[in-house]
Amino acid sequence: MSVLDEVREHTFLGKDFLVWLWCKSETLDGLFDLGDEGEVELWFEGKITLQSDSERSAQTITCTGENARIREARFALREAKKVTSARLHLKEGRDEWSFDLDSMWMNFHSLKMPKILQEKGEDPDALFYQRMFLLEKAVAFMDALFSRYLEARVSPTWQTEELPALMNWIHEGVLP
Amino acid sequence: MGFIQGVATFSRYRVDGTLPGDYIEEFPKRILRYGFRNLDDLPGEERSVGWVRILDMFDPAFKAMEYFKDPYLALSWRVDTKKIPKEALTQYCRKEENEVKEREGIEYLAKLRREEIREAVRSRLLKRAIPQSGVYDMVWSLQTNAVLFGATSNKLCDEFAEFFRKTFELFLVPVYPYALARRAFELSGKDQDLVDDVQPLFLEEEALR
């Protein structure tokens, strides 16, 4: 199977991850304990794109606003639409990142990284290393969050706890 | 805009294969061989791609091997394209054809002759066209074999992966959710095939229960 076929066949992995992440970011007050990676805050930041799974009538809805918990976006999840990209905000200590994450490839788009203060005469490579450190950190956090999602999906508690909590969040918007 | 300045948009890869033991000697030769060449030096060409310095798109010379930033290899991939507007090409071809017909006292031109005229006009207009440049950063961690490439368009990414293969004789494998999932299970000591047990969520069906 070619990479592109494999990506298409499993495109739901990224979409379902973003739905789970959206739910968790709201029901856990945005706090995620990533074990060795530390604790991060994550929230959806004002722009979510949803698309229907049906290939015959692909419909796309983009919801923008200061608060991503907009009713229309959450309602769309009940209408067989999945999240295809979202603007996320990630925070760890004093460092903050914001970026769009797409569900198909889980690529980062328009990633804003923490500002780096440069002193005059500083080695130009120092900037490169600091930027790479921050960039790789953001990637590692998202990979760790994806791993958490996968662990939840294969856990025996998925059907009994995680999925009902997700559905409850979609229906009611209340804490599970 | 890119990994070192501004906002970053990027796709992720893993290098499939082993880093050659003599890469410190070998890679500079290959990078230089596949360094960017200006379209001005390539008559008749509409497109040129190649490596440049990550912080200076005008430097394809790599006098110092500053792209080795231990443990990374950092370069930019420059793509220059000259485009002749279709309407302009048609207009200049018609003008040229009319001149030839008048000069030679003929009413019609053979297909082959018209193609020759079109190619000559295209070549002349290409010399006058100003190229559009795109520069995409590439950072390769030689320690982890992870590659970040500063673009996400499928077409561009495919071309980049092929260019990377030609340069370094190593294949790039894209990182995407399924591959990430297999790796995540592997890293946590689980069977990688567990990922195939994960089925899509049908939230609309769940909502009806």
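No lab work stands behind these numbers, since they all come straight from the coordinates. Note that the structure is a prediction, hence the values are computed from the model and not measured. Cβ coordinates were reconstructed from backbone atoms using ideal geometry, including for glycine residues, and neighbour counts include every protein chain displayed.
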*On a C-alpha basis, how far is the centre of region A:109-165 from the centre of region B:69-116 in Å? Whole number, if you could?*
47
*Treat every Asp and Glu Cβ in region A:3-172 as -1 and every Lys and Arg Cβ as +1, leave all other atoms uncharged, and give the resulting dipole magnitude about the Cα centre to the nearest 20 debye.*
700
*asked:* Only Cα pairs within less than 10 Å get springs; with that Gaussian network setup on chain B, which residue of B:PHE185, B:PHE36, B:PHE149 has the largest fluctuation?
replied: B:PHE185
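Students often get this wrong, so check it: of A:LYS112/B:LYS29; A:LYS81/B:LYS155; A:LYS120/B:LYS63; A:LYS47/A:LYS81, which have C-alpha atoms separated by over 23 Å? The partial results should precede the final answer.
Details: A:LYS112/B:LYS29 35 Å; A:LYS81/B:LYS155 27 Å; A:LYS120/B:LYS63 25 Å; A:LYS47/A:LYS81 15 Å.
Beyond 23 Å between Cα atoms: A:LYS112/B:LYS29; A:LYS81/B:LYS155; A:LYS120/B:LYS63.
Could you give the dipole magnitude of the protein assembly as shown about its Cα centre, charging the beta-carbon of Lys and Arg +1 and that of Asp and Glu -1, in debye to the nearest 20? Present the calculation step by step, with values, prior to reporting the outcome.
Values: 54 positive and 68 negative charges, 347 e Å.
Here the protein assembly as shown has a charge dipole of around 1660 debye.
Fewest Cβ neighbours within 10 Å first, please rank A:TYR129, B:TYR108, B:TYR136 accordingly.
Working: A:TYR129 13, B:TYR108 9, B:TYR136 22.
Ranking A:TYR129, B:TYR108, B:TYR136 by Cβ neighbours within 10 Å, fewest first, gives B:TYR108, A:TYR129, B:TYR136.
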*For chain A, modelled as a Gaussian network with Cα springs under 10 Å, which listed residue fluctuates most, A:ARG87, A:ARG78, A:ARG148?*
A:ARG78
*Could you give the angle, 0 to 90 degrees to the nearest 10, between helix B:154-168's Cα long axis and the longest principal axis of the Cα atoms of chain B?*
80
*Can you give the average number of partner chain beta-carbon atoms within 10 Å of each beta-carbon in peptide A:140-152, as a whole number?*
3
*asked:* Looking at chain B as a GNM with Cα springs under 10 Å, which of B:PRO20, B:PRO131, B:PRO28 has the largest mean-square fluctuation?
replied: B:PRO20
*asked:* With 10 angstrom as the radius, rank B:SER133, A:SER25 by how many other C-beta atoms surround their C-beta, starting from the fewest.
replied: B:SER133, A:SER25
_Label-to-label distance, nm, for residues given as B:LYS69 and B:PHE171 (7 Å Cα→Cβ offset)_ = 3.0
*asked:* With θ taken as phi - 60° and the coefficients 6.51, -1.76 and 1.60, list the Karplus ³J(HN,Hα) couplings across region A:139-150 in order, rounded to whole Hz; mark glycine and proline as x.
replied: 5, 5, 5, 5, 5, 5, 5, 5, 4, 4, 4, 5
*Could you run the Karplus curve 6.51 cos²θ - 1.76 cosθ + 1.60 with θ = phi - 60° over region A:11-22 and give me ³J(HN,Hα) per residue in whole Hz, x for Gly and Pro?*
4, 5, 4, x, 5, 5, 4, 5, 5, 4, 5, 4
*Where GluC sites (Glu not before Pro) fall in DSSP loop in region B:80-137, at most 14 other Cβ within 10 Å*: B:GLU107
*Global size of region B:80-177 as Cα Rg and Dmax, reported in angstrom*: 22.1, 71
*Report, to the nearest 10°, how far helix A:163-172 tilts away from the longest principal axis of the Cα atoms in chain A, using its own Cα long axis and a range of 0 to 90°.*
80
*In Å and from the alpha-carbon atoms only, list the Rg and Dmax of chain A.*
17.6, 59
